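Notes for the one structure printed next.
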Amino acid sequence: MRKKWLAWVLAVCICLAAAPTAFAAGGAVISVTPPETPPGIGETFTVNAEIKGNPGFSAVQFTLAYDDAVVECVSASTGAALRGALAATNPKASDGAIIAAASVSELTSDGVLASFTFKVVGSGSPDFSLEDSLLSDATGNAVAFTVEGVRTAETKPTETKPEETKPAETKPAETKPEEAEPAEPQPETPEPVEHKFRDTADHWAENWINTAVDKGFFQGYSDGTFRPGNQVTRGAFVTVLWRMAGRPQPTAQAPFTDTANLSAEFQSAIAWAWEKGYVGGRTATTFAPGDPVTRQAAMKILFLYSGGQSGQETLFTQIYDDTFTDSAAMVSWAKAPMYWAIYNELISGTTATTLGAGSVANRAQLAKILVNYTEKFGA
């Protein structure tokens, strides 16, 4: 029962993180109460976000944004209205102070959702706003609410620019041929799915495999197969990532003695990845290009390639830890990359409750992951 509940909370929180801002008229009211005049520089004050007229909800997320040149958020905590919910806070996110919470039972109380403590660091207005906000019921449907006390993302002042008056252009009249009456629309014939390889027809990853091949990340074999279940080696994964990056040439030679017999493409890819810090060697002079790459190792390399910065997924670390029964088996360096990939929907669990972080990645899995990455972040 606990696992089912945690899986539900995980689904709600992921949906909330990806959902658009919703400020529907009517329903509940979320009231935010900043002071009319902030205290002096160096002093602190509290801002509460309170819900009134609560019709009942099971999940909530919002970001209290502010001008960080004027104030900094020292702490954030949940209030009585979220008592019993599984909650996470991040007072120092890049876009503001974030609250996210979910509960298996409906929350119906009015009262404080969250309290934020701010320290004044500069002069001016903190310019508070409530953004990325959503209330949801147990079925995932949005609960209508309005916001009082601060502006929302949808009520930012817009700049009014004077209209430019352009001289009228005189163009010669165009003579168009008489258009024929359009024919009766004909039903469209769906395009047949292209089976690029004889061993990927109707495979679960066929579309991702086709896209990855079209983009030049992967190549098929000379016998007309893709071999989607084949393990991917360290050298091969780095080479695929190198192709995805546009085949950049390294400026230095890698110090590995066991890559000399590889193709020029593999050698360039490994040297590039080593130079960028995306991969290291097994030892100071060996890379072990033929060793299979695990799912967690592949996600670490991709995480570093993307910039190596964690984001909102850190809010859900405890939820992920509890949901995935094999999370404790991950090596310490793999947790941030794996949870970053889960949050950004680049990778999914091997089952609803397992990640299989230490299992070897195959060609089909990595084709899907890299196509998802490029669609979300670009190459």
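The values are calculated or read from the model by the stated rules, or taken from the named source; none is laboratory data. Not measured: the values here are computed from a predicted model. Using ideal geometry, Cβ is built from the backbone for each residue, glycine included, and neighbour counts are taken over all protein chains shown. Ligands, DNA and RNA are stripped out before the accessible areas are found, and what is left, the full protein with its side chains, is counted by its heavy atoms. Shrake-Rupley method; radii C 1.70, N 1.55, O 1.52, S 1.80 Å.
Tabulated data
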item	result
Residue in the stretch 222-245 that is touching a residue at least 60 places away in the same chain (Cβ under 8 Å), open to solvent by less than 20 Å² (accessible area, probe 1.4 Å) and touching a Gly at 6+ places or on another chain (Cβ under 6 Å) present	yes
When residues of the stretch 205-215 are limited to those that are open to solvent by 50 Å² or more (accessible area, probe 1.4 Å) and under 23 Å from the mean Cα position of the chain (by Cα), the one farthest from LYS368 (Cα to Cα)	LYS215
Given (1) modelled with pLDDT under 95; (2) open to solvent by less than 60 Å² (accessible area, probe 1.4 Å), number of the condition GLN253 does not satisfy	(2)
Test: residue in the stretch 361-379 that is over 24 Å from THR239 (Cα atoms) and either among the β-branched types (Val, Ile, Thr) or surrounded by 21 or more Cβ atoms within 10 Å (Cβ to Cβ) (or both)	no
Checking THR117 against (1) outside any loop (DSSP other than H, G, I, E, B); (2) more than 15 Å from PRO34 (Cβ to Cβ); (3) of a type in the set (Ser, Thr, Tyr), the condition it does not meet	(2)
Residues (in a loop (DSSP other than H, G, I, E, B) and over 22 Å from ALA212 (Cβ atoms)) located in the stretch 322-354	PHE324, THR325, ASP326, MET330, VAL331, ALA352, THR353
Subset of the stretch 75-86 that is at pLDDT 75 or above and part of a strand (DSSP E or B) - its residue that is farthest from GLY111 (Cα to Cα)	SER75
Residue in the stretch 1-20 that is surrounded by 21 or more Cβ atoms within 10 Å (Cβ to Cβ), of a type in the set (A, V, I, L, M, F, W, C) and at pLDDT 85 or above present	no
Pairs with Cβ under 7 Å, 6+ apart, first in the stretch 205-220 and closer than 14 Å to HIS195 by Cα and of a type in the set (Ser, Thr, Tyr), second crowded, with 19+ Cβ neighbours inside 10 Å and at pLDDT 95 or above	THR211/VAL371
Qualifying residue in the stretch 334-343 (condition: open to solvent by less than 30 Å² (accessible area, probe 1.4 Å) and among the hydroxyl-bearing types (Ser, Thr, Tyr))	yes
Inter-residue pairs, beta-carbon under 7 Å, first among the charged types (D, E, K, R) and in the stretch 344-370, second surrounded by 17 or more Cβ atoms within 10 Å (Cβ to Cβ) and in a loop (DSSP other than H, G, I, E, B), 6+ apart	ARG363/PHE218; ARG363/PHE226; ARG363/PRO228; ARG363/VAL232; LYS368/ALA205
Pairs where the first residue, in the stretch 64-89, is farther than 18 Å from GLY124 by Cα and the second is of a type in the set (D, E, K, R), C-beta under 6 Å, 6+ apart	VAL74/LYS119
Condition met for THR317 (surrounded by fewer than 17 Cβ atoms within 10 Å (Cβ to Cβ), among the polar types (S, T, N, Q) and modelled with pLDDT of 90 or more)	no
Members of the stretch 77-108 found to be of a type in the set (A, V, I, L, M, F, W, C) and over 23 Å from the mean Cα position of the chain (by Cα), listed by number	ALA80, ALA81, LEU82, ALA85, VAL104, LEU107
Qualifying residue in the stretch 247-266 (condition: within 20 Å of TYR373 (Cα to Cα) and among the small types (Gly, Ala, Ser))	no
Verdict on THR239 being under 30 Å from THR200 (Cα atoms) and out of contact with any helix residue (DSSP H, G or I) (no Cβ under 8 Å at 6 or more places or on another chain)	no
Qualifying position, being at pLDDT 50 or above, over 29 Å from the mean Cα position of the chain (by Cα) and open to solvent by 100 Å² or more (accessible area, probe 1.4 Å), among GLU174, GLU181, GLU194	GLU194
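Each row is one residue, and each column tells you yes or no for (1) in contact with a Ser or Thr (Cβ under 8 Å, 6 or more places away or on another chain); (2) under 12 Å from ALA297 (Cα atoms).
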| position | (1), (2) |
| --- | --- |
| ALA334 | no, yes |
| ILE347 | no, no |
| ASN362 | no, no |
| GLN365 | no, no |
| TYR373 | yes, no |
| LYS376 | no, no |
